[in-house]
1. Using alpha-carbon positions, what is the distance between the centroids of region 410-430 and region 174-231, in Å?
2. Out of GLY409, ALA343, GLY263, whose Cα points farthest toward the positive end of the dipole of the chain (charges: +1 Lys, Arg; -1 Asp, Glu; placed on Cβ)?
3. Given region 336-411, report the % of alpha carbon pairs whose separation exceeds 21 Å.
4. So if we plug the beta-carbon distance of PHE387 and ASP448 into 1/(1 + (r/R0)^6) with R0 = 25 Å, what FRET efficiency do we get, rounded to 0.05?
5. Let me check against my output: what whole-number percent is the relative contact order of the chain, with C-alpha pairs under 8 Å and at least 6 apart?
6. Under 27 Å Cα-Cα from LYS220, which lysines qualify once same-chain neighbours fewer than 8 residues away are excluded?
7. Applying a 10 Å radius around every beta-carbon, put 448-457, 276-285, 213-222 in order of their mean neighbour count, most first.
8. Using a 7 Å offset from the Cα along the Cα-to-Cβ direction at both HIS199 and PHE30, what is the distance between the two label points in nm, to one decimal?
Amino acid sequence: MVFSSNIFLFVFLPVAMLLYYAVPGRAKHFVLTVLSYVFYGWANPLFMVLMFVSTLIDYVAGLAIAWPPGGGWSDAVAMPVPGGPRTRLQRAAVALSVVSNLSLLGFFKYFNFGLDSYNALVAALGWDAARLELLLRVTLPLGISFYTFQSMSYTIDVYRGHAAAIRNFIDFACYISMFPQLVAGPIIRFSEVAGQLRHRTHTLEKFSRGVAFLALGLAKKVLLANPCGKIADTVFGATGIAASDAWYGVSAYAFQIYFDFSGYSDMAIGLGLMLGFVFAKNFDSPYRSQSITEFWRRWHVSLSSWLRDYLYIPLGGNRGGPRRTAINLALVMLLGGLWHGAAWTFVLWGAFHGGLLMAERLGGKRAPYHFLPPPLRVACTFVLVLFAWVLFRAPDLPAAVAYFQSMFGLGAVSDGGLLARGLIYRPYYVAMFGISAVAVWALPQTWDWTRVLTPGKTILILIVFVLAVVALSTQAFNPFIYFIF
């Protein structure tokens with residue numbers, strides 16, 4: 001089930017809110033957990049089994065980590081002393097959590113990729129007899145990249161002494177499965193919501209702001225991301241395109257992925273507010289960044305901060321000198337690219353960003369074009385991000401190379417490229433592209449704009465929501481891009 005669907009907006013969501021607010025106190029977590037499992041298992045009920053197994057392992061691991069030497073069940077919510085010694089049981093428990101989560105993620109996300117890469121390698125070496133022809137192909141469960149990282153953050157935070165373990169299994173299952181952020185983030189760390197799981201307020205102000213987030217996020221997806229996606233799909237699907245069309249197409253993709261993912265994040269934050277939870281901001285106008293380092297402080301903040309705190313810092317962070325710091329950055333970005341998708345294009349996307357971060361770090365955390373005026377620094381950063389988006393969007397490496405050639409006018413324009421031009425410059429698409437650009441660089445963020453909801457803002461939100469629903473009724477299935485990650 002997706003947020004941008006009539007069945008979610010007009011059936012599941014009203015029923016979920018009625019049931020949630022109809023039950024008292026602690027029962028809300030049970031109702032929310034059941035609703036979240038229904039939401040997650042809507043497409044494939046077997047996905048629920050996988051998430052439940054992961055949840056159960058991490059719940060038990062958390063209690064084992066928090067179990068003090070010589071203590072009993074009543075002491076199992078104790079928090080280990082930060083930086084203090086850890087018992088063999090605690091070390092084994094956190095290892096079980098990390099290994100089991102990474103094993104689930106690795107098998108379901110990278111089995112097909114590993115098999116195809118192996119077969120391509122042995123074929124290139126002329127060892128056709130060593131090929132593995134397996135009928136088994138693994139289906140990627142929705143959201144597994146997100147909830148495994150989220151679940152690991154719990155056991156690691158408990159192990160580090162940054163949070164107390166949850167004794168109530170339903171509370172923990174609610175944290176892992178909460179439908180607003182289950183399948184595409186943001187990655188909510190346990191330490192961020194531990195207090196809210198114990199106690200939170202439900203107010204009209206929260207609920208109203210949540211509805212505003214939900215409406216504006218839906219509008220971002222349906223009114224902006226989808227039309228820009230049509231442009232990008234047409235250009236990336238054509239061969240022999242002109243340089244101007246190639247730049248137009250990848251810019252449209254940049255707008256598509258931003259409004260698609262930030263729109264989903266807005267809807268997740270809004271749904272959280274409607275349930276009384278406050279989630280952190282996940283996007284902070286990333287295309288206004290003046291360097292790649294700044295871009296990664298603004299783009300997909302929950303993932304960037306997760307990789308920093310649970311991978312970059314444990315690797316040594318910036319404590320080993322400039323060279324070691326640069327290597328750590330490159331390694332983290334390589335793994336971040338692989339997290340996004342099981343393909344060599346994603347690995348190169350991560351490597352490209354890692355190389356840029358290394359260069360800026362060695363240059364004193366400054367972009368090579370730091371001497372330019374701010375608007376030009378923003379433009380240079382955006383162009384570099386566009387180059388990376390080509391790798392992210394292209395179906396394979398040959399297609400990415402061909403697209404780069406088109407961007408620099410090195411390929412011949414074909415009849416198919418001319419036909420694509422006739423489709424992508426229709427007035428509607430050009431208008432939505434222009435509005436997207438204005439929204440990216442000139443309009444306030446949803447986070448800031450919804451702090452105070454005046455009557456005028458409320459009317460505007462209602463109009464935008466109605467337009468989004470009308471547009472939604474004319475469109476087919478509307479999955480969000482990050483569902484596949």
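What follows is calculated from the coordinates using simple rules that are stated; it is not laboratory data. For clarity, every value in this text was computed on a predicted model and none was experimentally measured. With ideal geometry, Cβ positions are generated from the backbone for all residues, glycine too; neighbour counts draw on all protein chains shown.
1. 37 Å
2. GLY263
3. Tail fraction, whole percent: 36.
4. Using R0 = 25 Å, I get an efficiency of 0.25.
5. Computed value for the chain: 19 percent relative contact order.
6. Correct list for LYS220: LYS206, LYS230, LYS281, LYS457.
7. Going by the mean number of other Cβ atoms within 10 Å, highest first, we get 213-222, 276-285, 448-457.
8. Placing both labels 7 Å along Cα→Cβ, they lie 2.3 nm apart.
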